[in-house]
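The values are calculated or read from the model by the stated rules, or taken from the named source; none is laboratory data. Treat the numbers as computed from the prediction; the structure is a model and nothing was measured. Glycine gets a Cβ as well: all are built from the backbone with ideal geometry, and neighbour counts include every protein chain shown. These accessible areas exclude ligands, DNA and RNA; they are computed on the full protein's heavy atoms, side chains included. Shrake-Rupley method; radii C 1.70, N 1.55, O 1.52, S 1.80 Å.
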Amino acid sequence: MVGKQRLLFFSVCWIQSFLSRCQAQDLRRPPIFSQLFYDGSVSEAASIGTAVMALKAFDNGGGKITYSIVEAGRVPFRVDSNTGMVIVDGKLDREQKSRFSFSVRAVNGDGLTSTSNVDILIEDVNDKVPEFIEQPYVFKVKENERIGYIGRVKAIDGDQGRNGMITYSVVPNDLIRIDPVSGELSTTRSLDYEKEQEIILEVIATDNGLPPLFSTSLVTILVEDTNDILPVFNESLYEADVPENEANYPIVTVEAISDDPKNFPTYIIRQGPVEKFTIDPLTGTIRTKEGLDFEEHEQHVLIIGTRENEAISDAEATTKVLIYVQDRNDNAPVFVNIPRPIRLPSTVPVGHVVSTVEAKDADSYAPANIVRYEILGSSKQVFSIDEIRGVIQVAEDLNKRQETEYVIEVRAYDMGDPQMSSTASITVIVDRIGTVSPEAGMGFAETIHSASILEDAEANTLIRTLVITNKPPEVSQISCEVIEGNSEGLFYAKTNFEGNCELRLSRPGLDHEQKIAYTVIIRLSTSFGLVGRGKTTARIDVFVVDVNDNAPVFVFPLPEGKYTYGKYWGAILPNWRPGAQIMTLTARDEDSGKFGEINYYLGNNDGKTNLLDLDSKSGIISLKTSIGNITADSLPSRFNVYARDNPGSSMGFHETPITVYIGVLQNHQEIVMIIRGSRKERVEKDKERILEILQTRLGLAVRIAAIKEHEFLDDSGTVMKNSESTDIIFYCIDSDFDRILPRENPQIVNGLFSDTARTQISNYIATYLSLEMQDIRGPLDSTQTSGHSLSASIIGWNGLPLALVALCAVVILTGLFSSVYVCCNWSKYKKKRDHRPPPVYFVPTFTGVTTSSEFNPKPYEVMEMSVNSDDSDRSDDLQPGLVAHRQFISKRRSLYDLKRPPSVVSETVTTRTSSMPRHQANNYGRSIYNHSIEQRDNNYSIIESPIPTTNPLFLDPSVSEAPDGLYSQENISFTEIEKSDCLDYSEVKTVL
């Protein structure tokens, strides 16, 4: 029994000891920081040891707290282990790092820890001096140029904000000024090379810090000499003669005089046929580019000027040159009739008229146009010709000769100097009645022949039959072969059944454009050796006659032909007038003569092509009507154009179609490239290279619609023009889908408008073309420009009433919808208000602590009351109440009476109180203000109060005043207060 009691005693003691230790452990708590986050700032100029902010943590046991930085050494700060003061511990540089965030640890005597986050902003000070970049600055400007842009200087400042803002200035002078923001230098007046050949000025870059810092740089401006003493012509008229058909012939040398020894005039042809003449720009010698034709123009007029003197009103700025073309015998006689082969019996008498030939000469004057005739070769022994009339007669008895065929070569020549001539062949076949003497031997009747063959002749086509005289009885014993002039294997020779030799085409392959004539040598042989001397070979001149065997082919010159895939593209600008040139079509034909001439015509496109005009000779498509007459359905956006050769012939021609796309360039498709500091004449010279750069960059077909003076808007919105800069208007084409792409197309945005693309294009143009690209953008606002947009021209005035009707309909429908919506919501609110359920109250189950009227709180011990309506009514209750307010009760009198607001007379009110932090800027950037109730004439009203709201039950007894930022995570709630006219403070029961 005693043992059991002793065991029970020791068990009770052990349990009490265990409970004591548990209770002691429960009372150990980690320190609590007054704030979860600390924000602060310090100047980057702060020295080591400068205090930044104080951190404060509290321990419920009142023990000592030690502070330290987590991961110390990572930031240029340290914290005092005793006071919690954050102190600068290293050099600060905002340009390297502008903000530091780290954690601070607080450790109490029990070894328990807590952390708080610290964020310190490094404030900038003006410690960086502006620094000029891209030095040295050397610019060139021509003398006598109008006031304008010279160049730009640039400086950078490593500071932030206004400390990094730079203002430019120059040492005062009366020649050069600078834009204080952009650093652009410009002249205040035109410069004179004779006075200012070199200008050196000092540019100052100053920042906006306090105190301001500055740096300087030298700028050198070189003034280039120009021809300001203009050359003039002393002679107003020059006259000269030039023979026709003489290329590169020196005609005359003109001379312009200038008093400036450095000013050498540069001669140019201002007016006249520049395709026929050229002038040496240094010497002024005028020459012919090609031979002149007296029959085309007997006289030419040239106006010669200089590049240095472009004055229109100055009569001495130009001189006139009259050039007289001297006629020469440059046209050979041309046969107008060539008889067909003529057959004659061998018994015709001498003097018999065989035929008459006629030739004409195109020269204008005698004796160059007087024609005479003669017979060439051996035929002149048998036949004769009247040299004036061209009558051919038999001159010898044909029976005395063995030939059965004669080819009479007739030469027609003029009497000019030099003499010009042409020949024609007449075939005469002699029907033998007698026999040829065998002593003459076998051989070719004629050893020189000529023949013509069409270039598209088929294989085995007979070219010429060569008659053989004194043939042996057996024809099979005669053979003939081609021994010369057949390197391409186009010809072969054979003996026909009559025993004569035939020259035939072995295969197709003749091409007049490649070779127009062949000379073939044929040799005759026989096994009997009966061939006469000098008649074993014969020469045949074979002339290839051109036929229309090539169709026209459209050409697409580079770079425009790239990415178009065999189609032509063009666009009409909204401000174009009738007659404006849209595009030029070009086709080529490999044939010669008339077969190679090309005419263009529009295909049948449902009558829409009457809006356009096509020049049949040049292929130029131009606008026929005003753009205001072009509508969406009348615009021939796609149509066919045909190129036809052999014009004027109803047969024997070829025609080739091509698809052409033409549209009106709309505002959202137009792209403008601005070239700064270059006139449009200068930019025109590099048009093709700019187009090549854009197409290569985009991978799309690009067309330049116009090149014009730069347009911009001034401060008042007025469109101004700058002739010193140029706008290149272009657009991009999607050849796969046959459409003009808008500027917003991703391929265009990435290829043109991105920063990288702009930089690359600008570098290309500057490097390869020596031009400065200022920007790539869309066109100016159409409401501020003088032109009209496509939409305005297409829609017209007729679309305005329809738009107004649609707008009115939208307004009416919106009003009806709004009315229905308001009525529905009002009905819903009334229904919910009338059937509102009774409020549900929740009473906490904590042990209550009752306060009495003798409770004497400290001034900062204030209980916050939050008066809320029932949860079900929060979102829908439209009655004004206490939902959005906080009310506080503070002891100003011995008795606290709170008069209920009129809005909650019929409601039971539930209130809750909680401790709130002192008025300060929290992490969300807003301040928390307290409210209190003040008695005025026995009525209490809610007033704003800066008194911090704290929890009196959480205060340390040793703290006499409310510490800054003290707060509690506990809540104090009020129990339900019954309905009454006034609330008595003594009836309020608080529950922890």
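Rank-order 246-257, 749-760 by packing density, defined as the average count of other C-beta atoms within 10 Å over each peptide's residues, highest first.
Ranked from most to least packed, the peptides come out as 246-257, 749-760.
Skipping prolines and chain starts, which residues have an amide H placed within reach, meaning under 5 Å, of the one on LEU454, given they are 5 or more residues away or on another chain?
Counting only residues 5 or more places away or on other chains, the set is VAL545.
Report P(r) for segment 172-216: all Cα-Cα distances, bin width 10 Å, range 0 to the bin holding the largest distance, values in whole percent.
For segment 172-216, the pair-distance distribution reads 21, 47, 22, 8, 1.
Could you give the Stokes-Einstein D for segment 197-289 in µm² per second, using the C-alpha Kirkwood radius, 25 °C, 0.890 mPa s?
Estimated via Stokes-Einstein, D reaches 136 µm²/s.
Order the peptides 806-813, 383-390 from the highest to the lowest mean number of other Cβ atoms within 10 Å of their residues.
On the way: 806-813: 10.0, 383-390: 16.5.
Those peptides, ordered most packed to least, come out 383-390, 806-813.
Kirkwood-based Rg over Rh for segment 121-271 (C-alpha set), two decimals?
On the Cα set of segment 121-271, Rg over Rh gives 1.31.
Show the residues, 5+ positions off or on another chain, whose built amide H is closer than 5 Å to the amide H of ALA587.
VAL555
Roll a 1.4 angstrom probe over the protein heavy atoms and tell me the percent of accessible area of segment 126-272 that is carbon or sulfur.
50
In the neighborhood of ASP159, defined by Cβ-to-Cβ distances under 9 Å, what is the net charge if each Lys or Arg adds +1 and each Asp or Glu adds -1?
Taking every Cβ under 9 Å from that of ASP159, the sum is -2.
Per residue, how much accessible area does segment 654-720 show when a 1.4 Å probe rolls over the protein heavy atoms, in square angstrom?
Normalised by residue count, the accessible surface of segment 654-720 is 45 Å².
Could I get the Rg over Rh figure for segment 70-156? Both from C-alpha atoms, Rh via Kirkwood, rounded to two places. Can you show the working numbers first?
Details: Rg = 25.6 Å, Rh = 18.1 Å.
Radius of gyration relative to Kirkwood radius: 1.41.
Give the distance, in whole Å, between the Cα centre of segment 317-388 and the Cα centre of segment 655-699.
56
For a quick check: with amide H placed at 1.01 Å from N, whose amide H comes under 5 Å from VAL407's, ignoring anything fewer than 5 positions away on the same chain?
So VAL407 has HN proximity to VAL428.
Give the Kirkwood hydrodynamic radius (Å, one decimal) of segment 22-95, defined as one over the mean of 1/r across all pairs of different Cα atoms.
Evaluated on segment 22-95, it is 14.2 Å.
Among 286-296, 137-147, 723-733, how do they line up by average Cβ neighbours within 10 Å per residue, starting with the highest?
723-733, 286-296, 137-147
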